[in-house]
Amino acid sequence: MNLSYLQFEILSKIERHPSKKHSQRNFAKELSVSLGTINKVVNELIELELIRTKENSLFDVTLKGYEWLEPYRVKKAVIMAAGFGSRMVPITLNTPKPLILVKGKKIIETLIDAIIYAGIQDITIVRGYLSEQFDVLLKKYPMIKFVENPIYNEANNISSAYAVRSILENAYVAEADLYVYNQEIIRKYEYASNYLGVKVDRTDDWCFEVNKNIITKVKVGGEDVHHMYGISYWTKEDANKLVNDIELVYKKPGGKERYWDEVALRECIDNYSVMVRPVKSGDIIEIDTFNELKDIDPIYNI
């Protein structure tokens with residue numbers, strides 16, 4: 001029941017949009033492979049009886065196809081929301097950054113709605129700064145669980161990862177201050193551990209160097225790289241390794257000053273093979289400063 005990467009991507013795309021016309025040409029463009037390769041993979045899926053063809057370029061996922069997808073199902077989401085958000089002062093003096101309203105909606109709600117849209121109901125939020133204010137989310141999202149990070153102001157976000165290191169199996173891990181415009185960046189199924197990234201010619205922000213879709217280096221600033229977004233997914237195998245590696249990095253000298261992403265992508269990179277999952281510019285918006293907030297939502301210019 002093991003799928004190849006391309007088999008998985010095509011099968012999961014058909015599952016996600018059962019009423020959409022799927023052409024092999026579009027699959028080739030979306031997955032950046034040749035049309036011949038796509039034709040071969042589609043025929044494989046048909047021969048394996050995982051999909052069946054319909055009229056007008058429509059495909060159905062068969063019951064067998066759903067059975068083969070099930071081992072790749074995402075089970076949960078963990079949202080890091082403990083920090084202060086110093087670059088958003090003055091608005092964060094009284095409100096945690098994830099709870100700031102942008103165009104009438106709390107930033108964190110755009111992420112939670114995307115998670116629920118993907119059918120994921122097991123949602124944990126790590127909170128710290130003004131933690132009691134997050135209780136307001138329970139009215140709309142009663143399934144949410146909270147984990148407290150009492151030392152959010154003494155350490156970087158690796159302290160939040162340390163608090164939840166035992167529950168990262170088959171889970172998304174996401175920063176809470178990302179405004180999600182395209183809900184479909186959160187998916188019901190994932191093939192391997194990965195980070196979201198946008199291919200750019202140049203960036204001054206956190207980014208990945210990539211070789212054959214595998215992240216080989218994380219750094220600040222670069223050319224011909226993938227701009228890094230703080231949404232990742234972790235398989236059972238990699239999550240089991242993270243339990244020990246997060247603790248190892250956290251407890252070493254200077255470890256509390258690390259970002260949690262540095263555990264698998266820098267400090268212990270030899271233990272992992274993490275893919276980059278490309279998304280489009282505009283699917284997610286990072287709001288890092290108060291000036292950026294004012295640019296996105298004019299109400300804050302008053």
Of the residues in segment 26-40 that are without any contact (Cβ under 8 Å) to a residue 12 or more places away in the chain and over 24 Å from the mean Cα position of the chain (by Cα), the one that is nearest to residue 64 (Cα to Cα) is 40
State which residue pairs qualify: first residue assigned to a loop (DSSP other than H, G, I, E, B) and inside segment 46-66, second residue among the acidic types (Asp, Glu) and surrounded by 11 or more Cβ atoms within 10 Å (Cβ to Cβ) in any location, beta carbons under 7 Å apart, and separation of 6 or more residues or different chains. 54/60; 62/49
Residue 95 - would you say it is hydroxyl-bearing (Ser, Thr, Tyr), touching a strand residue (DSSP E or B) at 6+ places or on another chain (Cβ under 8 Å) and farther than 12 Å from residue 152 by Cβ? no
Go through segment 217-255 and count every residue that is β-branched (Val, Ile, Thr) and either within 15 Å of residue 278 (Cα to Cα) or not assigned by TED's automatic domain parsing to the domain that holds residue 177 (or both). 2
Output yes when any residue across segment 54-72 is on the phi > 0 side of the Ramachandran plot and among the charged types (D, E, K, R), and no when none is. no
Of the residues in segment 106-153, those that are part of a loop (DSSP other than H, G, I, E, B) and touching a helix residue (DSSP H, G or I) at 6+ places or on another chain (Cβ under 7 Å) number 5
For a quick check of your reading of the model, give me the residue pairs whose first member lies in segment 121-148 and is within 15 Å of residue 177 (Cβ to Cβ) and in the same structural domain as residue 83 (by TED's automatic domain parsing), whose second is among the small types (Gly, Ala, Ser) and part of a strand (DSSP E or B), with beta-carbon atoms closer than 9 Å and at least 6 apart or on different chains. 125/81; 126/81; 127/81; 128/81; 129/81; 134/81
Is it the case that some residue within segment 69-87 is closer than 20 Å to residue 295 by Cα and of a type outside the set (Gly, Ala, Ser)? yes
Just checking, does segment 9-19 include any residue being of a type in the set (Ser, Thr, Tyr) and assigned to a helix (DSSP H, G or I)? yes
Out of 117, 195, 181, which single residue is in contact with a Phe, Trp or Tyr (Cβ under 8 Å, 6 or more places away or on another chain) and either among the aromatic types (Phe, Trp, Tyr) or surrounded by fewer than 20 Cβ atoms within 10 Å (Cβ to Cβ) (or both)? 195
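Tell me whether segment 132-142 contains one or more residues that are over 20 Å from residue 255 (Cβ atoms), touching an Asp or Glu at 6+ places or on another chain (Cβ under 8 Å), modelled with pLDDT of 95 or more and surrounded by fewer than 22 Cβ atoms within 10 Å (Cβ to Cβ). So that I can check it myself, show each step before the final result.
Here is the first cut: in segment 132-142, the ones over 20 Å from residue 255 (Cβ atoms) are 132-142.
If we keep only those that are touching an Asp or Glu at 6+ places or on another chain (Cβ under 8 Å) too, we end up with 137, 140.
Retained after the next criterion (residues that are modelled with pLDDT of 95 or more): 137, 140.
Imposing the further condition that a residue be surrounded by fewer than 22 Cβ atoms within 10 Å (Cβ to Cβ) reduces the set to 137, 140.
Yes: segment 132-142 contains one or more residues that are over 20 Å from residue 255 (Cβ atoms), touching an Asp or Glu at 6+ places or on another chain (Cβ under 8 Å), modelled with pLDDT of 95 or more and surrounded by fewer than 22 Cβ atoms within 10 Å (Cβ to Cβ).
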Any chance residue 280 is modelled with pLDDT under 95 and in a helix (DSSP H, G or I): no
Give the residues of segment 270-298 that are more than 14 Å from residue 233 (Cβ to Cβ) and either free of Cβ contacts under 8 Å to residues at least 24 places away in the same chain or hydroxyl-bearing (Ser, Thr, Tyr) (or both), sorted by residue number. 270, 281, 289, 291, 292, 294, 295, 298
State the number of residues belonging to segment 201-248 that are out of contact with any Gly (no Cβ under 9 Å at 6 or more places or on another chain) and in a strand (DSSP E or B). 17
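The values are calculated or read from the model by the stated rules, or taken from the named source; none is laboratory data. The model shown is predicted, which means the values in this text are computed figures rather than measured ones. Because the Cβ atoms are built from the backbone with ideal geometry, glycine has one as well, and the counts that use them run over all protein chains shown.
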